[in-house]
1. Looking at the range 41-89, which of its residues are of a type in the set (Gly, Ala, Ser) and either part of a strand (DSSP E or B) or surrounded by 14 or more Cβ atoms within 10 Å (Cβ to Cβ) (or both)?
2. How many residues are at pLDDT 55 or above, surrounded by 10 or more Cβ atoms within 10 Å (Cβ to Cβ) and over 23 Å from VAL73 (Cα atoms) when one looks only at the range 14-40?
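The values are calculated or read from the model by the stated rules, or taken from the named source; none is laboratory data. For clarity, every value in this text was computed on a predicted model and none was experimentally measured. Quick reminder, even Gly has a Cβ in these numbers, built from the backbone with ideal geometry, and neighbours come from all protein chains shown.
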Amino acid sequence: MAAGSEEMGVIKDFFNPKKKIEIKAMADNFYATDDCDGCGECYRRCPTGHIKMIDGRPDWGKPCLMCAQCGTVCPKGAIRFGRRPAPES
């Protein structure tokens, strides 16, 4: 197998609508900041229905398509992706 061809296969599978690719660890990187008011717009607009509201806050389930629709529709701009900031002391 040529170098990089395995990675290209993964990328092709990701964009193939006939293949279901679960991105497990990536969903754990979505979070809502303190600006979240619990409106639930992210929950209502998630195309996979894997966002749940727990105690008035979004919780990302799996599989996540990584479409970022949740962040796009958030009226407060409270949805973030990446490492959560450390809690202030």
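1. Let us first name the residues in the range 41-89 that are of a type in the set (Gly, Ala, Ser), namely 49, 56, 61, 68, 71, 77-78, 82, 86, 89.
Hits for the range 41-89 are GLY71, ALA78.
2. 1
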